[in-house]
Structures are given as C-alpha cells and as structure tokens.
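Peer 1: First, the structure itself, so that you have it in front of you.
The values are calculated or read from the model by the stated rules, or taken from the named source; none is laboratory data. Because the structure is predicted, anything quoted here is derived from the model rather than measured. Because the Cβ atoms are built from the backbone with ideal geometry, glycine has one as well, and the counts that use them run over all protein chains shown. Side chains are part of the model used for accessible areas, which takes the heavy atoms of the whole protein and leaves out ligands, DNA and RNA. Shrake-Rupley method; radii C 1.70, N 1.55, O 1.52, S 1.80 Å.
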Amino acid sequence: MKAVILAAGEGTRMRPLTSSRPKVMLPVANKPIIEYILESAISAGIEQFVIVTGYCSQVIEDYFRDGKKWGASIEYVQQEKARGTAHAIEQAKGHVDARFIVLNGDMMVSSKHLRDLIKSDKDTVLSVKRVENPSDYGIINIDNNLVTEIVEKPEKPDSNLANAGIYLFDEKIFQYISMTPPSSRGEIEITSTLEIMLNKGLEIGYRKINENWMDIGRPWDLLNANEIILDHVKEQCHGTVEPNATLHGRVSIGKGTIIRNGAYIVGPVIIGENCDIGPNCYIRPHTAIGNRVRIGNAVEIKNSIVMDSTNIGHLSYVGDSIIGTGCNFGAGTKVANLRHDGKNIKVTIKGQKIDSRRRKLGVIMGDNVHTAINTSINTGTIIASGQWTEPGEVVRFLKE
Ligand code: TTP
C-alpha cells in the first residue's frame with residue numbers, strides 16, 4: 001500500500017519560521033516533522049510514498065530525494081496553489097493504487113496506529129484522537145462504529161474525538177473530491193468531501209488513536225513536540241568533549257562538535273554537527289541545537305530549538321524559544337519567558353492574540369535576525385526574518 005503525505009501548505013500560523021521552508025520541514029529534535037511521519041509509516045510496512053509539495057517544494061525534495069536513504073521510494077507531485085486538503089489529495093490521482101493512506105505532513109503518530117489502520121476492512125476510515133480542547137479541531141460524531149457527522153471547530157462539541165488528519169481511502173475518494181465545493185474559508189477540504197459521502201449514505205469508519213499523536217500547527221507546538229521526542233533521545237557522542245565539561249543525563253552530540261571546558265549540559269539535549277559549545281555555558285533539558293551553532297561563554301539556554309548556523313556568543317539567556325537559522329545574538333541579549341503574574345503567554349498569530357496555553361514561552365525568531373548588545377525580548381514575542389535590533393532595545397510582541 002502507498003501513503004500520500006500532504007506537505008504543500010506554507011504553515012501561515014508558523015510565520016516567520018516558514019519564511020524559507022514549509023511547515024513540515026521545521027525541526028523537532030533536529031529532524032523535520034515530516035521525517036517522523038515517514039519513519040512511522042515505514043515501520044508500519046509502507047515502502048512507497050507520494051509527497052504532495054507546493055510552497056518551498058525544493059526544500060523537501062532536496063532533503064528526501066528518492067527516499068532510498070530511508071529504504072523507501074518517494075515520488076513528488078505538485079499542488080500549484082494550496083487550495084485545500086482535498087485538492088492536495090487530488091494531485092495524487094493516478095499515482096496511487098486502489099487503496100492508500102493519506103497523512104497530513106504536520107503531525108506525528110505511532111507506527112502501531114498506522115499498522116492497525118491499514119488492516120481496516122472499510123473503504124473509508126478516519127483516524128480520531130480524544131482531545132481536551134475539541135473547539136480547536138474538526139470534531140467527529142459517531143454511532144455504532146461509524147462516523148455520523150464532522151463538525152469544524154464546534155462551539156459546543158458533542159464529542160471530543162478530533163479528526164487526526166490520517167485516513168484510509170480507496171479510489172472512490174477522487175470521484176467525491178471532484179464534487180467538493182470550496183468551504184467558507186475558500187478551500188477544497190477533505191472534511192467537506194467526507195460530508196458529501198455521509199450525505200450520500202456511504203459508510204465511513206473510524207479508528208481511535210490510543211498512543212501519542214501531535215498536531216503541529218502553531219510555533220509552540222514545536223516546543224511541546226520537541227520535549228516529548230527529546231525524552232527518548234539516545235545518549236551518544238560523535239564529537240569532542242574537553243575534560244572539564246560536564247554532561248548529565250542523555251546528551252546526543254554530533255560529528256565535528258566540540259564541547260569546551262566549563263560547559264554544563266543537562267539532558268535530554270541534542271546538539272548537531274560542527275557546533276562550538278562553551279566554554280562556560282549552561283544548556284538545560286529539552287534543548288535541540290542544530291548544526292554549525294555557536295553557544296559561547298555565560299550563555300544559558302533551556303527548552304528551546306536553535307536552528308542551524310546561529311551564534312549565541314556571549315552573556316545571553318534563551319528560554320522556551322524557537323530561533324531560526326543564521327541568527328546572531330549580540331552580547332547580553334536576554335529573552336523573558338515567564339510573566340510576573342504567571343498567566344499563560346499570548347502570542348499574536350495572523351493579527352489575533354492566541355493563548356499558547358503555556359506559562360513559559362520566550363521568542364519566536366525567524367531566520368537571519370541580528371540582535372544588538374543588551375537587547376531585551378519580552379515573552380511571546382515574534383521577530384520577523386532578517387530583522388536587526390538597536391543596542392539596548394526592548395522588543396515586545398511583534399517586530400516586522
Ligand atoms: P493546514 O494546517 O490546514 O494548513 P497549512 O499547512 O497551510 O497551515 P496554516 O493553516 O498555518 O497556513 O494543513 C494540514 C496539512 O495539509 C499540512 O500537512 C499541509 C497540507 N496541505 C496541503 O498539502 N495543501 C493544502 O492546500 C493545504 C491547505 C494543506
């Protein structure tokens with residue numbers, strides 16, 4: 001059986017992290033989100049993939065190429081414009097067999113669930129996950145082992161089973177996709193297609209996900225996923241650790257990386273290749289540092305994702321933050337990650353203040369940002385790619 005992975009969306013809610021890459025290529029514990037899905041599907045026995053690409057498609061193709069490195073074969077189809085999930089699936093027509101699975105490229109799921117899904121005897125099956133905040137999801141109502149209704153983000157949900165973005169289809173789906181009109185947000189959505197099928201009396205089955213499932217839509221979801229994945233990181237060292245550096249717990253160190261004296265690292269932490277860490281820095285749990293990163297003297301960093309080729313050279317604090325590629329922190333740059341009143345941190349996403357449901361959240365920084373000395377960054381601030389700050393500047397909420 002083949003799997004279709006939907007990876008054409010930009011991930012507008014992730015801006016500015018998606019300024020040079022699609023959402024599915026954002027790193028969690030130093031690997032793109034989509035790689036976890038691919039690996040789960042491969043463990044479930046799937047060897048052939050169709051990846052639907054669009055926004056920044058080259059980034060995906062350059063990384064996965066023909067898939068051989070993963071023991072799989074990957075074909076790419078283009079969705080010219082992100083016109084919706086059903087429209088994305090339609091691009092795979094002619095590239096799949098009679099039965100196939102579809103996976104959103106921006107979530108994580110276990111191979112066990114995929115193995116169970118593949119075994120289903122129904123032609124159309126949705127994966128559902130019990131969630132605490134059903135109003136944020138497409139909610140599935142059920143009766144007698146069948147789906148009866150799909151309601152997008154209901155104000156008063158009748159169930160807490162969310163559509164997990166993982167489906168089993170047969171070729172009939174293309175016929176119903178071609179009948180699907182654009183939704184109120186102008187997209188040809190697979191949930192609208194499924195509603196048409198329900199109205200026509202077709203049976204849609206569902207399968208509950210009993211293991212971990214993560215939907216990664218907003219920047220802080222990356223931090224939540226990073227924490228969960230790093231909890232299973234393997235302790236390994238392919239670099240050099242100077243004799244007076246201290247490593248506690250599980251720390252993974254990549255090839256060509258040097259950990260200098262006085263560095264104090266408490267795992268779970270992953271550090272990529274060719275990094276220069278220390279002397280005298282403090283790296284705390286749940287931190288993922290990409291390749292060619294410099295973390296210098298008197299820098300403390302915790303629970304953060306730092307992407308490739310970024311320098312945090314001296315006297316800085318970075319907590320609960322996501323830092324893009326090629327950034328440079330001036331000496332003394334500090335990131336606030338906790339409000340005085342301890343309330344949840346809100347972030348402005350597409351012009352709206354959204355509760356991140358996190359008490360601790362620092363900065364979401366795009367690529368190639370340069371902060372000048374003594375820059376102070378407030379909680380939940382977004383800094384657009386390519387921005388520079390003035391010495392002593394205080395950055396609040398949004399810098400574009
Ligand atoms: P969404 O999260 O609904 O959309 P998005 O990735 O564009 O993100 P945002 O809402 O922040 O702009 O997409 C779910 C999955 O489907 C995701 O893996 C991207 C993929 N997708 C496509 O491949 N084509 C599309 O036209 C759309 C809308 C999504």
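Peer 1: Could you list all residues from segment 1-22 that are open to solvent by less than 20 Å² (accessible area, probe 1.4 Å) and either more than 10 Å from the ligand (Cβ to nearest atom) or of a type in the set (D, E, K, R) (or both)?
Peer 2: Within segment 1-22, A3, P16, L17 qualify.
Peer 1: Assess whether A44 counts as being touching a residue at least 12 places away in the same chain (Cβ under 8 Å), over 20 Å from the mean Cα position of the chain (by Cα) and in the same structural domain as S20 (by the TED database).
Peer 2: yes
Peer 1: Exactly one condition in (1) open to solvent by less than 60 Å² (accessible area, probe 1.4 Å); (2) without any contact (Cβ under 8 Å) to a residue 40 or more places away in the chain; (3) outside any loop (DSSP other than H, G, I, E, B) is not met by P157; state its number.
Peer 2: Unmet for P157, out of (1) open to solvent by less than 60 Å² (accessible area, probe 1.4 Å); (2) without any contact (Cβ under 8 Å) to a residue 40 or more places away in the chain; (3) outside any loop (DSSP other than H, G, I, E, B): (3).
Peer 1: Also, I was wondering about something else. Out of the residues in segment 87-118 meeting the condition of being more than 15 Å from N212 (Cα to Cα), of a type in the set (D, E, K, R) and not in a loop (DSSP other than H, G, I, E, B), tell me which one is farthest from the chain's Cα centre (by Cα).
Peer 2: Only one residue tops the list, namely R99.
Peer 1: Could you list, in sequence order, the residues of segment 234-251 that are under 24 Å from the mean Cα position of the chain (by Cα), in a loop (DSSP other than H, G, I, E, B) and free of Cβ contacts under 8 Å to residues at least 24 places away in the same chain?
Peer 2: Scanning segment 234-251 gives K234, R250.
Peer 1: Could you check I295 against (1) in contact with an Asp or Glu (Cβ under 8 Å, 6 or more places away or on another chain); (2) surrounded by 18 or more Cβ atoms within 10 Å (Cβ to Cβ); (3) assigned to a loop (DSSP other than H, G, I, E, B) and say which number it fails?
Peer 2: It fails just one condition, (3).
Peer 1: Turning to a different aspect of this structure: Looking at E47, is it among the charged types (D, E, K, R), open to solvent by less than 70 Å² (accessible area, probe 1.4 Å) and more than 11 Å from the ligand (Cβ to nearest atom)?
Peer 2: Working: among the charged types (D, E, K, R): yes; open to solvent by less than 70 Å² (accessible area, probe 1.4 Å): no; more than 11 Å from the ligand (Cβ to nearest atom): yes.
The answer is no for E47.
Peer 1: What are the residues in segment 72-86 that are part of a helix (DSSP H, G or I) and either away from the ligand (no atom under 12 Å from the Cβ) or open to solvent by 20 Å² or more (accessible area, probe 1.4 Å) (or both), if any?
Peer 2: T85
Peer 1: Further question: Only one of N337, N378 is touching a residue at least 24 places away in the same chain (Cβ under 8 Å), open to solvent by 10 Å² or more (accessible area, probe 1.4 Å), under 23 Å from V293 (Cα atoms) and of a type outside the set (A, V, I, L, M, F, W, C); which?
Peer 2: Testing whether each residue is touching a residue at least 24 places away in the same chain (Cβ under 8 Å), open to solvent by 10 Å² or more (accessible area, probe 1.4 Å), under 23 Å from V293 (Cα atoms) and of a type outside the set (A, V, I, L, M, F, W, C) leaves just N337.
Peer 1: Can you find, within segment 127-152, the residue that is modelled with the highest pLDDT among those that are part of a loop (DSSP other than H, G, I, E, B) and surrounded by 13 or more Cβ atoms within 10 Å (Cβ to Cβ)? Walk me through it before giving the result.
Peer 2: Residues of segment 127-152 that are part of a loop (DSSP other than H, G, I, E, B), as a first pass: 131-133, 137, 144-145.
This time we only want the ones that are surrounded by 13 or more Cβ atoms within 10 Å (Cβ to Cβ), so: 131, 137.
Working: V131: 94, Y137: 90.
Within segment 127-152, the match that is modelled with the highest pLDDT is V131.
Peer 1: Report, by residue number, each residue of segment 240-283 that is open to solvent by 50 Å² or more (accessible area, probe 1.4 Å) and touching a helix residue (DSSP H, G or I) at 6+ places or on another chain (Cβ under 9 Å).
Peer 2: Of everything in segment 240-283, just one residue is open to solvent by 50 Å² or more (accessible area, probe 1.4 Å) and touching a helix residue (DSSP H, G or I) at 6+ places or on another chain (Cβ under 9 Å), namely R250.
Peer 1: So which residues in segment 345-363 are closer than 16 Å to R15 by Cβ, out of contact with any Ser or Thr (no Cβ under 7 Å at 6 or more places or on another chain) and open to solvent by less than 80 Å² (accessible area, probe 1.4 Å), if there are any at all?
Peer 2: T348, I349, G351, I354, S356
Peer 1: How many residues, within segment 58-71, are open to solvent by 20 Å² or more (accessible area, probe 1.4 Å), assigned to a helix (DSSP H, G or I) and either more than 15 Å from the ligand (Cβ to nearest atom) or not β-branched (V, I, T) (or both)? Show your work before the answer.
Peer 2: Here is the first cut: in segment 58-71, the residues open to solvent by 20 Å² or more (accessible area, probe 1.4 Å) are 58-59, 61-63, 65-66, 68-71.
So of that shortlist, the ones also assigned to a helix (DSSP H, G or I) come out as 58-59, 61-63, 68-70.
Subset that is either more than 15 Å from the ligand (Cβ to nearest atom) or not β-branched (V, I, T) (or both): 58, 61-63, 68-70.
Qualifying residue count for the region: 7.
Peer 1: Within segment 208-233, track down each residue that is away from the ligand (no atom under 16 Å from the Cβ) and part of a loop (DSSP other than H, G, I, E, B).
Peer 2: Of everything in segment 208-233, those that are away from the ligand (no atom under 16 Å from the Cβ) and part of a loop (DSSP other than H, G, I, E, B) turn out to be I209, N210, E211, N212, D231, H232, V233.
Peer 1: While we're here: Surrounded by fewer than 16 Cβ atoms within 10 Å (Cβ to Cβ) and over 29 Å from K23 (Cα atoms): is that true of H232 in this structure?
Peer 2: Details: surrounded by fewer than 16 Cβ atoms within 10 Å (Cβ to Cβ): yes; over 29 Å from K23 (Cα atoms): no.
No; evaluated as a whole, the condition is false for this residue.
Peer 1: Quick one: is I364 without any contact (Cβ under 8 Å) to a residue 40 or more places away in the chain, in the same structural domain as I270 (by the TED database) and assigned to a strand (DSSP E or B)?
Peer 2: It is false that I364 is without any contact (Cβ under 8 Å) to a residue 40 or more places away in the chain, in the same structural domain as I270 (by the TED database) and assigned to a strand (DSSP E or B).
Peer 1: Can you tell me which residues in segment 182-207 are open to solvent by 10 Å² or more (accessible area, probe 1.4 Å) and more than 16 Å from the ligand (Cβ to nearest atom)?
Peer 2: Selection gives E195, I196, L198, N199, K200, G201, L202, E203, Y206, R207.
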